[in-house]
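The values are calculated or read from the model by the stated rules, or taken from the named source; none is laboratory data. Please read these numbers as outputs of a predicted model, since none were measured by experiment. Note that we place each Cβ from the backbone using ideal geometry, even for glycine, and neighbour counts take in every protein chain shown.
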Amino acid sequence: MFLHVILSMLVAVSLFRWVMWRRFGRRRFGRHFGHGFGGGRWPLLHAIRALGLDAKQRTHIKEMMIELRRLGTEMRFVRYDAREDLAAALGGETFDRARLESLAQKPQDAFLRARQAILDHLEALHASLTDEQRAKLRDLLGVPTPASDPATDDHPYRGAV
């Protein structure tokens, strides 16, 4: 009886480990699911390390992320403010079209402010990067550089269809 319990526990643990190995591969489940750009818990941190940014560039990226987080929160809370205004506009004695049009314009204004801030920050980031950092960024994003384009490469097996 006791042997059956121990054997059942060993089978269950082995089955669990096999399922986790099949699901997550050779990595330890529960920790470090991705490394490199685009994976893991902090993909931006991996990109900053790979690009070799200086202190001023890192400060600019930090300020950019704080600003974008604030704008995202603002865009989310526009909906909650709109709910109260919508109830007031529809619950009144008469239909208030002008109030609903201004209500419909608020999310668009928030989106336009966020879009403009994103473009401004990306432009400033581009201006602060060196040519080597831009080339590393292209590599991290998976965009081929003109020198590594398979169509223009002289290798006999690349680019041939």
Tell me, please, whether a residue that is loosely packed, with under 12 Cβ neighbours inside 10 Å and more than 17 Å from the chain's Cα centre (by Cα) can be found in the stretch 60-71.
no
Only one of LEU125, LEU100, LEU112 is in the same structural domain as MET64 (by TED's automatic domain parsing) and more than 30 Å from ALA82 (Cα to Cα). Can you tell me which?
LEU125
